[in-house]
Amino acid sequence: MSALTKLAACPGAMALSWKQDNDGMSGESGKAADTGTAVGLAIELYHRGEELGAIADKLPQLSKGGALDRQPFPRADVAEALRVLGRYSTDPRNPRAAVRGDSLERAVELRLQPHPLDPTKEPVMLLGHLDQVREGADGVLEVWDLKHSRYSGPDLVRSYAWQQAAYTVATAQSYGRPTRWGGILRTKGYLTRERRTPGEEPAFFHSGYTWEDCLAALDQVRLLVALARSGRVPLQPGDVCSWCPAFSFRQCRRELAPTPSRLTV
């Protein structure tokens, strides 16, 4: 499910990144990504009932790996992660019981029927792990995802919409209950330099997505997968080129669409 963010940005970039990873060429994670992992794990341990002092003692060791079946995050700014945890834990929106304990890192899967244009007629299988599920005031489950990012909350809601739509539908199936995408919990919001009363930090960004919106997003996923399976991977140049392995439309066209264009003028 995490790959859906790349798919939405540019199917070509996702295809090339996937090929690079499968070839054993993927790079090491950077400091920002590792710090995000540390923040997520610290918050998870908090909701699992561990005391803040115990988490502070444990997190530096966990960053080196060998525990909780997680990848190590050696480049993490552990001090920053603990600052976030300290402010997160004092936010009245985040009592330990606010998050369902059985949702923390819960594995979910989703099987989508192939799009009518899919030549393989094979289903689209999506796997993922949840960050948090909370109980809405109306009894509807809410999926929330942590992002420790420099981008704004609204930007994160837009960028991760397809990923979160998949989490939402998979959560509904996993729990057998009505579910919605609550939104993005931008943990960088707890590091604002302005003094904020706990509970007023710019951290929670509601998605506003309905159940039908989530289904419509997944229909787009089916369509792009169908095009890729037919050998016509859509290429969408833009900001995505800055992190795509090809770095430019010119290069990715040669790797993913080497046949001459059918267009004549």
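Read-outs throughout are calculated quantities, based only on the coordinates presented, and are distinct from any laboratory measurement. These figures come from a predicted structure and were not determined experimentally. In this analysis, Cβ positions are derived from the backbone assuming ideal geometry, glycine residues included, and neighbour counts consider all displayed protein chains.
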Looking only at region 246-265, and only at residues there that are assigned to a loop (DSSP other than H, G, I, E, B) and touching a Cys at 6+ places or on another chain (Cβ under 8 Å), the one that is nearest to THR120 (Cα to Cα): ALA246
Condition check for LEU235: within 25 Å of the chain's Cα centre (by Cα) and in contact (Cβ under 8 Å) with a residue 40 or more places away in the chain: yes
Residues located in region 224-265, provided they are under 18 Å from ALA8 (Cβ atoms), of a type in the set (A, V, I, L, M, F, W, C) and exposed (fewer than 15 other Cβ atoms within 10 Å of the Cβ): TRP243
Residue that is surrounded by the most Cβ atoms within 10 Å (Cβ to Cβ), among those in region 168-220 that are touching a helix residue (DSSP H, G or I) at 6+ places or on another chain (Cβ under 6 Å) and part of a helix (DSSP H, G or I): THR168
Residue, surrounded by the fewest Cβ atoms within 10 Å (Cβ to Cβ), within region 130-141, restricted to residues that are in contact with a helix residue (DSSP H, G or I) (Cβ under 9 Å, 6 or more places away or on another chain) and free of Cβ contacts under 8 Å to residues at least 60 places away in the same chain: GLU135
Number of the condition not met by LEU41 [criteria: (1) in a loop (DSSP other than H, G, I, E, B); (2) buried (at least 16 other Cβ atoms within 10 Å of the Cβ); (3) touching a Leu at 6+ places or on another chain (Cβ under 8 Å)]: (1)
